[in-house]
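The values are calculated or read from the model by the stated rules, or taken from the named source; none is laboratory data. What you see is a predicted model; the values in this text were computed from it and never measured. Because the Cβ atoms are built from the backbone with ideal geometry, glycine has one as well, and the counts that use them run over all protein chains shown.
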Amino acid sequence: MLVPGALLSLVASTALAFILAGTTEAAEGGGLNPASGAAPALSRADRAAIVDDLVERLRADPDILVETLLRFRRADREDGGLGITPADAPASGTAQAAATVVEFVDYACEPCRAAGLVLDGLAASGEIRVVHRDLPLSAESRELAAAALEAHKGAGRYGEFRTAFLTGRAAPAPVHAEGRSFALATMRRARADAARIGVKALPALAVVRDGRMEVLVGEITAQGVRDAVRRLGGEG
């Protein structure tokens, strides 16, 4: 399949627009306090790097475009069009799970780490699938999130960094393969999505089942997540 250069640039620019969507809304309020450590704004160079990366990837393998569109359609069906389970977000657990839990996480937040371990246990047992959305609230946690997202973009190694951050182990060697711009854009998008569904504090997660959603904030327990999954399934 041949894709003209002009079309490649158009597709890349459109993708960038989606990445940046919601930034103004997040900055103007309605979500977590930006003064707590909002992810830095994308510079002109960051934006150009994202477009260039997309164009090169599409030029090398045009079938990526079809695969990406299919993934976005699946993601849209999964959360009923809520837009909180982006196709390029790191995820864990089985796709056959009864529900998807969208985790908004700050790896420097102890309650967030405790919640993350609860979710990992539920994902390991096959009860849920977890989509990880990094929402750092400080410079320290922003660097942790950037390292994990760079690892996801560069080598599919998000899980290694996540496990290290949750358990207090030493982090793996840094990965800086085409990932910085992706990490910055991903953090901004997570902030906008969190604000859009009313997340104002962490730990927070959205339980999604059959296109319906329930947001849980505060102490996260395995039973609390199971109860939300049952409610969304109409099981009482």
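Being in a helix (DSSP H, G or I) and more than 30 Å from R57 (Cβ to Cβ) holds for only one residue in R162, R231, R191, and it is R231.
Take L137 and tell me if it is out of contact with any Phe, Trp or Tyr (no Cβ under 9 Å at 6 or more places or on another chain) and either surrounded by 15 or more Cβ atoms within 10 Å (Cβ to Cβ) or assigned to a loop (DSSP other than H, G, I, E, B) (or both). Judged against the criteria, L137 is a match. Among the residues of segment 97-115, is any of a type in the set (S, T, N, Q) and not in a strand (DSSP E or B)? No; the residues of segment 97-115 include none that is of a type in the set (S, T, N, Q) and not in a strand (DSSP E or B). Might you let me know whether segment 169-187 holds any residue that is surrounded by fewer than 23 Cβ atoms within 10 Å (Cβ to Cβ) and modelled with pLDDT of 95 or more? Within segment 169-187, one or more residues are surrounded by fewer than 23 Cβ atoms within 10 Å (Cβ to Cβ) and modelled with pLDDT of 95 or more. State whether one or more residues within segment 223-236 are in contact (Cβ under 8 Å) with a residue 60 or more places away in the chain, closer than 25 Å to G126 by Cα and touching a Phe, Trp or Tyr at 6+ places or on another chain (Cβ under 7 Å). Scanning segment 223-236 turns up no residue that is in contact (Cβ under 8 Å) with a residue 60 or more places away in the chain, closer than 25 Å to G126 by Cα and touching a Phe, Trp or Tyr at 6+ places or on another chain (Cβ under 7 Å). Within segment 188-203, identify whether any single residue is in contact with a helix residue (DSSP H, G or I) (Cβ under 9 Å, 6 or more places away or on another chain), acidic (D, E) and farther than 19 Å from V102 by Cα, and answer yes or no. Scanning segment 188-203, I find no residue that is in contact with a helix residue (DSSP H, G or I) (Cβ under 9 Å, 6 or more places away or on another chain), acidic (D, E) and farther than 19 Å from V102 by Cα, so the answer is no. When you check A148 against the structure, is it surrounded by fewer than 16 Cβ atoms within 10 Å (Cβ to Cβ), in contact (Cβ under 8 Å) with a residue 12 or more places away in the chain, within 23 Å of A201 (Cβ to Cβ) and of a type in the set (A, V, I, L, M), yes or no? Answer is no for this residue. Across segment 174-205, the qualifying residues are those that are over 23 Å from L216 (Cβ atoms) and of a type in the set (K, R), and the one among them that is nearest to the chain's Cα centre (by Cα) is R188.
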